[in-house]
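Taking it in order: structure first as structure tokens, then the write-up.
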Amino acid sequence: MPAATAADLLTWYDRHRRALPWRALPGVRPDPYRVWLSEVMLQQTTVTAVKPYFEKFLTLFPNVKALAAAPEEAVMSAWAGLGYYSRARNLHACAKAVAAVGRFPDTEEGLRKLPGIGAYTAGAIAAIAFDRPAAAVDGNVERVMTRLHAIETPLPAARAQIRLLTQAMVPHDRPGDFAQAVMDLGATLCTPKRPACALCPWMRPCRARAEGLQDTFPRKLKKEKGILRKGAAFVALRAGDEAILLRTRPPEGLLGSMAEPPGSPWLPDYDPAKGLLDAPLDARWKRLPGVVKHGFTHFPLELTVFFARVAAGTVAPEGMRFTPREKLDEEPIPGAMKKVLAHALAGPVPVAVAAPPPVREPDLATPPEPEPVKRRGPIPKPPSLRPSELARVVKRPPKAR
Ligand code: SF4
């Protein structure tokens, strides 16, 4: 298998380089301001989204001095819509630091000291704007390099190895073009799915392609799902105005300031058999069969749902409110709590303690838990959880059983 060379890649780049508004024409020295501005804008953002903002910034702030002298509100307002607003604040702070010295630092080390410039951005600016033999390793480059060398170590542990391998390939005569060439290869041919290997200048030396395993690189560690937490949620439906008892979560933390039916803390060892101790008011609470499951980024959650119909005129406990069913769409109810409401309200609504037991869909997210419920008819299909459909579900008039 032949070795991958920078020369092969640069030959391909000379013919297929992308025309981008911040990219200097061949033979023209790149403007560090344009390189820096584009690299900051491109952090976590697509080329398509960045293009109009780049043009707007160049019109409003044609050089780093103009940007440094602009009021922060003007910079933030020009950035509005591009997201990750800390980038705009750092951009402005960086412009002031550069304007105070009179020029951009021309080394990776110097660039790293500026606000908002991390390892990748420093490497990219040093290579592209100042022809320093620096490695600029972003997600595209990681994908290309892990495939080229069939790196089995999963990300993020593989990053040091990828950086070394990339650095070893940087040619001293065209480091900026090499950086842009690897980025272009990752963006146009070595794409996350179905890479166009037949067109790739590194097709022959690519180990992943030789093994037919391109799509499996880079290897990634499976995300830790976290420890299961459990809790109870209480859905109270007030007779008369058909309103649901809700409260607002604290502004800090998970689901901050969002609305929910009152409930217990969420704990790994929560015992739903003792759930009634957490009930928000005295009522004939009925524990519904099954659980509502929801996956948060850091942990899965299982909620046991209790339902009660409370008397007309019942006053909400302090810090809570009754919201009419037709106005639930106006409440900021997160997905997990929409599942809870749908679980409690999708089926026939109990009136007091009527028997026999309700016929309900036991679990909205996963196969049902074994519950001793005798089904008397077909299981109702779980409702869609889109807001408008939630409202439709919960507006359905209750039926006596
Ligand atoms: S041969 Fe295919 S997998 Fe390998 S670097 Fe080229 S495009 Fe990527």
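The values are calculated or read from the model by the stated rules, or taken from the named source; none is laboratory data. In this text the structure is predicted, and so the values were computed from the model without any measurement. Note: ideal-geometry Cβ built from the backbone for every residue, glycine included; neighbour counts use all protein chains shown. Accessible surface areas use protein heavy atoms only, side chains included; no ligands, DNA or RNA. Shrake-Rupley method; radii C 1.70, N 1.55, O 1.52, S 1.80 Å.
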The chain, accessible area per residue, ligands and nucleic acids excluded (1.4 Å, Å²): 51
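Ranked from highest to lowest mean number of other Cβ atoms within 10 Å per residue, what is the order of the peptides 109-116, 238-245, 128-135? List each step's numbers first, then the result.
Working: 109-116: 16.4, 238-245: 18.5, 128-135: 22.1.
Highest mean packing first, the order is 128-135, 238-245, 109-116.
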Theoretical ellipticity at 222 nm over the chain - DSSP helices of four or more residues, -39500 (n - 2.57) apiece, nearest 500: -10500 deg cm²/dmol
HIS16 accessible area, assembled protein chains, probe 1.4 Å, Å²: 100
Accessible surface, 1.4 Å probe, highest first, among residues ASP215, ASP173: ASP173, ASP215
Kirkwood-based Rg to Rh ratio, the chain, C-alpha trace: 1.13
For region 1-159: relative contact order, % (alpha-carbon pairs under 8 angstrom, 6 or more apart): 18
For peptides 251-259, 274-282, sequence by mean Cβ density within 10 Å, most packed first: 274-282, 251-259
Of the trypsin sites (Lys or Arg not before Pro) in region 59-107, those whose Cβ has at most 14 other Cβ within 10 Å and which sit in DSSP loop: ARG103
Farthest toward positive dipole pole in the chain [+1 Lys/Arg, -1 Asp/Glu at C-beta], among VAL28, ALA308, PRO272: ALA308
Kyte-Doolittle mean at least 0.0 and Cα axial length at least 18 Å: DSSP H helices in the chain: 47-60, 86-101, 175-188
For region 226-283 versus region 89-103, the gap between their alpha-carbon centres in whole angstrom: 49
Cleavage-rule hits, GluC sites (Glu not before Pro), region 300-344, DSSP coil, Cβ neighbours within 10 Å at most 12: GLU318
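Arrange the residues LYS230, LYS223 by how much accessible surface each exposes, largest first, with a 1.4 angstrom probe.
From most exposed to least exposed: LYS223, LYS230.
Hey, any idea what % of region 138-200's accessible area is carbon plus sulfur with a 1.4 Å probe?
Details: 1650 of 2770 Å².
The computed percentage sits at 60.
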